[in-house]
1. Please list, ordered by chain and number, the residues whose modelled amide H lies under 5 Å from the amide H of residue 63; skip anything fewer than 5 residues away on the same chain.
2. How big, on average over all directions, is the shadow cast by the Cα convex hull of the stretch 209-259, in nm²?
3. Taking the Cα centre of the chain as the origin, how large is its charge dipole in debye, to the nearest 20, when only Lys and Arg (+1) and Asp and Glu (-1) carry charge on their Cβ atoms?
4. Check which residues have an amide H placed less than 5 Å from residue 4's amide H, if you skip close sequence neighbours.
5. Among the DSSP beta bridges whose two residues both lie in the chain, what percent are antiparallel, rounded to the nearest 5?
6. Is the stretch 138-267 best put as rounded, prolate or oblate by its Cα gyration tensor, with a ≥ b ≥ c the root eigenvalues, rounded for a/c under 1.5, and otherwise prolate when a/b is larger than b/c, oblate when not?
7. For 195, 18, 39, what's the fewest-to-most ordering of other Cβ within 10 Å of each Cβ?
8. Would you work out which of 171, 63, 262 lies farthest towards the positive end of the dipole of the chain? Charges go on Cβ: Lys and Arg +1, Asp and Glu -1.
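The numbers here are math on the coordinates, done by the rules we state, and not lab data. Computed from a predicted model, the values in this text were never measured in an experiment. Using ideal geometry, Cβ is built from the backbone for each residue, glycine included, and neighbour counts are taken over all protein chains shown.
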Amino acid sequence: MSFVLTDRPRPGVARITLNRPERMNAMAFDVMIPFREALEAIGRDNDVRVVIITGAGHGFCSGADLEDPGMMPHIDGLTLTTIAQRAMRLLDDVIRAVRHLHQPVVAAINGAAIGGGFCLAMAADIRVAAEPAYFRAAGINNGLTSAELGLSYLLPRAIGTSRAFDIMLTGRDVAAAEAAALGIVSRTVPADALLDECFAIAEQIIGWSRVGIELSKRLLWSGLEAGSLAAHMDHEGTSQLYVRLTTQNFEEAIRARKEQRAPDFLD
């Protein structure tokens with residue numbers, strides 16, 4: 001049985017499904033290693049314009065597998081301390097792989113996003129939740145820290161510090177409707193409409209130029225780490241001039257508007 005499924009449900013769209021529903025798609029190593037490999041392969045596929053990540057069954061991802069974490073590769077001769085470091089690095093690399101994909105990533109959050117699953121959802125560029133979905137920063141519930149896999153960096157920037165502290169220090173569940181109100185997700189939809197909603201988002205994105213979308217994603221993420229407004233505006237300006245002066249996209253957009261048709265951006 002493959003714990004990670006990939007398919008191409010629509011032109012230009014790749015879907016990655018975490019496929020261990022009996023464990024709510026927990027982050028066992030035999031799930032996360034093929035998941036990272038699938039992300040890397042899709043990043044090299046120039047026919048893919050948008051990536052959708054979802055979970056099989058009733059859960060999106062339940063975080064660390066507390067019963068069967070699977071086997072880490074290449075650990076012969078290492079101490080427990082070093083193995084733990086390698087394990088965390090592997091999981092960190094999964095989050096970074098989502099973040100660094102050229103293509104926009106849409107998280108179709110079909111159910112529980114707990115612990116590392118919450119972190120995985122926050123690493124996506126766009127998050128859409130089914131109405132039964134919920135979020136929990138579960139490390140604190142297990143006597144650990146809820147700050148893991150970038151969550152203490154990403155969540156405060158998405159919803160503000162006070163709300164993030166509330167969620168991460170109480171370990172409480174955040175239902176989909178509250179998640180939308182807070183800004184954790186951009187919208188909620190009935191469970192049977194989740195994938196159609198994500199496909200519609202993907203179709204909108206695919207209608208724009210590849211270089212425009214990919215640079216916009218890069219700049220949005222860079223803005224989270226910018227040292228100052230002035231420095232980031234310089235970065236934005238250079239990118240805008242790069243696309244404006246090296247493509248005919250702007251001229252094509254004007255022509256298409258005049259001719260009342262969809263633009264055909266050739267970059």
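1. Under 5 Å from the amide H of residue 63 lie the amide H atoms of 27, 114, 116, 117, each far enough along the sequence or on another chain.
2. 3.8 nm²
3. Computed about the Cα centre, the dipole is about 480 debye.
4. 19
5. That works out to approximately 25 percent antiparallel.
6. oblate
7. Ranking 195, 18, 39 by Cβ neighbours within 10 Å, fewest first, gives 195, 39, 18.
8. It is 262.
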